[in-house]
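What follows is one structure encoded as structure tokens, with my remarks underneath.
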Amino acid sequence: MPELPEIETVKLGLKKYLVGHKIENIEVRIPKMFAGSAKQIIGVKIINIKRIGKGLIIEFENDYLLAVHFKMTGQLVFRDAKNNQPLSPKVGGDILPSKYSHIIFTLDKGAMLYYNDLRQFGWVKVLKKDELMHMPFFGEMGPEPKVGNDLAGKELTFDYFKSVLLKSNLPIKVILMDQKKIGGIGNIYANDALFKAGIDPRKKGKTLSGEELDKLYKAIFFVLEKSLEYGGSSDENFVNALGQDGAYQNHTLVYGKKGEKCPNGNGTIEKIQLGGRGTFFCPACQR
């Protein structure tokens, strides 16, 4: 599932290319993936793109918006005459629309926007702006690390981070991935942040020392910002707003590296299951 750096990457791309356009037509090929009244946003100018946790928000000048949840394999890809670079194979073909293009937005000025989704779990909903935070996905999202210059959701402060972890008897990695407690962090960055901080992912949250809490808080920002620099991770189906791969998958610290030598040279990376997810760590470095 795309995580904070991936959705932030899409947000930044769409702010550059999509803002200022109007939607002229919406073709919905799989009805279950689209909700709300399309007529409320036809012919209305797009004025901003925001992100809350792993969710994307496209705002219109008439106080309506499109809320998008990518789930596991969703993509939003913009195309026009100036931005028609070769596409990643992850979009489902050499041209768009592809077999994965389930919602197609025809824009003004000859542009197009495609919502692609291999697994078809994601959704796009038309809402009034004041309805957004009544949706459980957005309204229940926990505070998130402030990565970039703007933050639409609640900010993850150190005091809040410390209080959440020290109240829990769950493994620290499970806590980090609970979107109602902390927004935006998924499997990739939980693995790498815990390695960066030298903390065993199985360690209970309430047992962390003050020094460990400080290291982990900083490590979370480090890995998220590093991934954003690389345009997110395309380990699975993620592509950016122009349909191209990110590169963080080539720079992970431990994620996806079972059996490889630890980056610190102290041991071999192992993989276990924790909270139902594959968990990568170095037993020599993470205590």
Checklist entry - Applying the selection to the range 142-157, what residues are out of contact with any Lys or Arg (no Cβ under 6 Å at 6 or more places or on another chain) and either buried (at least 17 other Cβ atoms within 10 Å of the Cβ) or of a type in the set (V, I, T) (or both)? => result E144, P145, V147, G153, L156, T157
Next on the checklist: Looking at the range 229-266 only, could you name the residues that are of a type outside the set (A, V, I, L, M) and in contact with a strand residue (DSSP E or B) (Cβ under 8 Å, 6 or more places away or on another chain)?
Outcome noted: N237, F238, G243, Y255, G256, K257, K258, G259, E260, K261, C262
Checklist entry - When the range 74-95 is examined, which residues are found to be over 14 Å from Y17 (Cβ atoms) and surrounded by 13 or more Cβ atoms within 10 Å (Cβ to Cβ)? => result G74, Q75, L87, S88, K90, V91, G92, G93
Item to check | Residues that are within 11 Å of E3 (Cβ to Cβ), part of a loop (DSSP other than H, G, I, E, B) and of a type in the set (A, V, I, L, M, F, W, C), drawn from the range 174-233 | outcome: M177, I185
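What number of residues within the range 112-148 satisfy the criterion of being assigned to a loop (DSSP other than H, G, I, E, B) and closer than 21 Å to V19 by Cβ?
Just the residues of the range 112-148 that are assigned to a loop (DSSP other than H, G, I, E, B), to begin with: 118-122, 135, 140-143, 145-148.
Imposing the further condition that a residue be closer than 21 Å to V19 by Cβ reduces the set to 147-148.
Matching residues across the range 112-148 total 2.
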Next on the checklist: So I269 passes all but one of these: (1) closer than 28 Å to G148 by Cβ; (2) crowded, with 23+ Cβ neighbours inside 10 Å. Which condition number does it fail?
Outcome noted: (1)
Item to check | Residue among D159, D108 that alone is more than 30 Å from N84 (Cβ to Cβ), out of contact with any Gly (no Cβ under 6 Å at 6 or more places or on another chain) and not aromatic (F, W, Y) | outcome: D159
Checklist entry - Do the conditions hold for L151, that is, is it under 23 Å from M1 (Cα atoms) and either without any contact (Cβ under 8 Å) to a residue 12 or more places away in the chain or of a type outside the set (A, V, I, L, M, F, W, C) (or both)? => result yes
Checklist outcome for this item: In the range 252-271, residues that are under 25 Å from V91 (Cα atoms) and either in contact with a Phe, Trp or Tyr (Cβ under 6 Å, 6 or more places away or on another chain) or in a helix (DSSP H, G or I) (or both) total 1
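Per-residue answers, yes or no, for (1) within 23 Å of M141 (Cα to Cα); (2) of a type outside the set (D, E):
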| position | (1), (2) |
| --- | --- |
| I42 | no, yes |
| K45 | no, yes |
| R51 | yes, yes |
| E59 | yes, no |
| L76 | yes, yes |
| N83 | no, yes |
| K99 | no, yes |
| G110 | no, yes |
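Given the criteria at pLDDT 95 or above, over 28 Å from G43 (Cα atoms) and surrounded by 13 or more Cβ atoms within 10 Å (Cβ to Cβ), does Y160 qualify?
Details: at pLDDT 95 or above: yes; over 28 Å from G43 (Cα atoms): yes; surrounded by 13 or more Cβ atoms within 10 Å (Cβ to Cβ): yes.
So Y160 passes the test.
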Checklist outcome for this item: Of (1) of a type outside the set (D, E); (2) in the same structural domain as E211 (by TED's automatic domain parsing); (3) surrounded by 18 or more Cβ atoms within 10 Å (Cβ to Cβ), K180 fails just (3)
Item to check | First in the range 237-260 and free of Cβ contacts under 8 Å to residues at least 60 places away in the same chain, second anywhere and part of a loop (DSSP other than H, G, I, E, B) and hydrophobic (A, V, I, L, M, F, W, C), Cβ under 7 Å, 6 or more apart | outcome: K257/I269; K258/I269; G259/I269; E260/I269
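One line per residue, one yes/no per condition, for (1) surrounded by fewer than 19 Cβ atoms within 10 Å (Cβ to Cβ); (2) among the hydrophobic types (A, V, I, L, M, F, W, C); (3) modelled with pLDDT under 95:
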| residue | (1), (2), (3) |
| --- | --- |
| N25 | yes, no, no |
| P31 | yes, no, no |
| A35 | yes, yes, no |
| A38 | yes, yes, no |
| I42 | yes, yes, no |
| D63 | yes, no, yes |
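The values are calculated or read from the model by the stated rules, or taken from the named source; none is laboratory data. Predicted, not measured: the structure shown is a model, and the values here were computed from it. When we count neighbours, we look across all protein chains shown, and the Cβ atoms used for this are built from the backbone with ideal geometry, even at glycine.
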